[in-house]
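Let me begin by presenting the structure, written as structure tokens, before commenting on it.
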Amino acid sequence: MNNLPLLFFLLNFTTFSLMPLQINASEFNEDIVSSLLERTTHQVTYDGAYISIPYPNGDVPSNIGVCTDVIIRAYRKIGTDLQQLVHEDMRANFLLYPSKRIWGLNSTDKNIDHRRVPNLQTFFTRHGQSLTISTNHDDYAAGDIVTWMLPGNLPHIGMVIDQVNPKTGDPMIVHNIGQGPKVEDMIFDFTITGHYRFVPEKYSTPTR
């Protein structure tokens with residue numbers, strides 16, 4: 001039996017599957033910035049109460065939310081469900097996440113895990129890029145995720161958009177620090193604890 005056609009197929013499949021991936025950063029930046037700005041059009045009351053939600057693609061009521069919900073909803077609008085991604089990674093690697101150390105948990109919780117800043121920091125470190133933390137505004141680009149520690153040891157999270165304050169040159173941030181999703185120049189107002197970039201796989205294309 002002539003196996004040449006099968007061999008040709010397998011060789012081509014292997015070659016394709018091993019091709020390096022190129023990230024379409026400009027498309028991601030455009031989509032995530034548009035999604036973040038859309039979030040600022042919503043009236044959201046800051047409320048971090050524990051609520052049981054569906055899985056996957058579950059969400060708390062649209063009129064409430066916290067800082068993490070800005071990020072979760074922005075990514076969901078571009079087709080990426082952080083609830084599912086974080087849950088699946090935590091389920092397989094629970095001890096790598098801080099849930100036991102910080103909250104004394106012994107298992108995952110699909111209702112709240114993805115809405116906690118320390119868990120998102122771990123996920124973005126594991127599945128995205130952990131970038132330089134500095135006070136140089138040139139180190140921060142649209143689509144970057146930033147975390148801070150607020151007074152009272154309260155973790156906070158927001159994302160950089162493609163706007164800068166012309167007076168300071170600092171990148172503008174979309175976040176919810178208590179007044180709903182807003183665009184503000186606040187990147188250096190608090191201690192930065194993390195700087196990440198997470199580009200979903202849908203923006204990756206094979207290079208030849």
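Any read-out appearing in this document is the output of simple, stated calculations on the displayed coordinates, not a laboratory observation. From a predicted model like this one, the values you see are computed outputs, not experimental measurements. Glycine gets a Cβ as well: all are built from the backbone with ideal geometry, and neighbour counts include every protein chain shown.
Within segment 88-96, identify whether any single residue is over 21 Å from V60 (Cα atoms) and basic (K, R), and answer yes or no. Yes.
Any residue in segment 79-86 that is surrounded by 14 or more Cβ atoms within 10 Å (Cβ to Cβ), within 30 Å of M186 (Cα to Cα), in contact with a Leu (Cβ under 6 Å, 6 or more places away or on another chain) and not polar (S, T, N, Q)? Scanning segment 79-86, I find no residue that is surrounded by 14 or more Cβ atoms within 10 Å (Cβ to Cβ), within 30 Å of M186 (Cα to Cα), in contact with a Leu (Cβ under 6 Å, 6 or more places away or on another chain) and not polar (S, T, N, Q), so the answer is no. Here T108 fulfils each of the conditions (1) closer than 25 Å to D31 by Cα; (2) of a type outside the set (A, V, I, L, M); (3) without any contact (Cβ under 8 Å) to a residue 40 or more places away in the chain; (4) crowded, with 17+ Cβ neighbours inside 10 Å apart from (1).
Scan segment 111-137 for residues that are under 19 Å from Q84 (Cα atoms), among the aliphatic types (A, V, I, L, M) and either in contact with a Gly (Cβ under 8 Å, 6 or more places away or on another chain) or surrounded by fewer than 19 Cβ atoms within 10 Å (Cβ to Cβ) (or both) and jot them down.
So in segment 111-137, the residues under 19 Å from Q84 (Cα atoms) come out as 111-128.
So of that shortlist, the ones also among the aliphatic types (A, V, I, L, M) come out as 112, 117, 120.
The answer is none; no residue qualifies.
Taking every residue in segment 142-164 that is touching a residue at least 12 places away in the same chain (Cβ under 8 Å) and pairing it with any residue that is charged (D, E, K, R) and assigned to a strand (DSSP E or B), at least 6 positions away or on another chain, the pairs with Cβ-Cβ distances below 7 Å are A142/D162; G143/R197; D144/R197; I145/R197. If only residues of segment 19-75 that are among the polar types (S, T, N, Q) and touching a helix residue (DSSP H, G or I) at 6+ places or on another chain (Cβ under 6 Å) are counted, the one that is surrounded by the fewest Cβ atoms within 10 Å (Cβ to Cβ) is N24.
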